[in-house]
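The values are calculated or read from the model by the stated rules, or taken from the named source; none is laboratory data. Here the structure is a predicted model, which is why all the values come from computation and not from measurement. Note: ideal-geometry Cβ built from the backbone for every residue, glycine included; neighbour counts use all protein chains shown.
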Amino acid sequence: MATTLYIVIESNPKRGGGVGIYIKSNIHYSLRTDLGLRIEGGLESIFIEAKSNDDGLIVGGIQRVPGTNTSTSIEQKQTHH
């Protein structure tokens, strides 16, 4: 029986924060840092590529930092790409 792993990228371990993904331990994956985005005080994200046989599936999580303005967070993201 597979256990579950929690993959996390911490933004500031002293104050909490960060974003993570749960994945079963029998699934092979690689962290996709090339796809991640972090805007200080605005957005945090994590992406992994899960592999099954010869296929790959990219899964991600994006979080707006609590207490921030939604419109501002979207504008910051657009200026970073």
- Task: Write out, first by first residue and then by second, each pair whose Cβ atoms fall under 7 Å of each other, whose residues are 6+ apart or on separate chains, and whose first residue, in the stretch 21-34, is more than 14 Å from T3 (Cα to Cα) while the second is surrounded by 12 or more Cβ atoms within 10 Å (Cβ to Cβ) and among the charged types (D, E, K, R).
- Result: Y29/E49; Y29/K51; S30/E49; R32/E49
- Message: Quick check on the stretch 31-81: of everything there that is of a type in the set (K, R) and modelled with pLDDT under 85, which residue is farthest from the chain's Cα centre (by Cα)?
- Response: K77
- Message: Return the residues of the stretch 37-59 that are buried (at least 16 other Cβ atoms within 10 Å of the Cβ) and not in a strand (DSSP E or B); say none if nothing qualifies.
- Response: L37, G42
- Might you let me know whether the stretch 18-25 holds any residue that is part of a strand (DSSP E or B), modelled with pLDDT of 85 or more, surrounded by 15 or more Cβ atoms within 10 Å (Cβ to Cβ) and touching a Ser or Thr at 6+ places or on another chain (Cβ under 8 Å)? yes
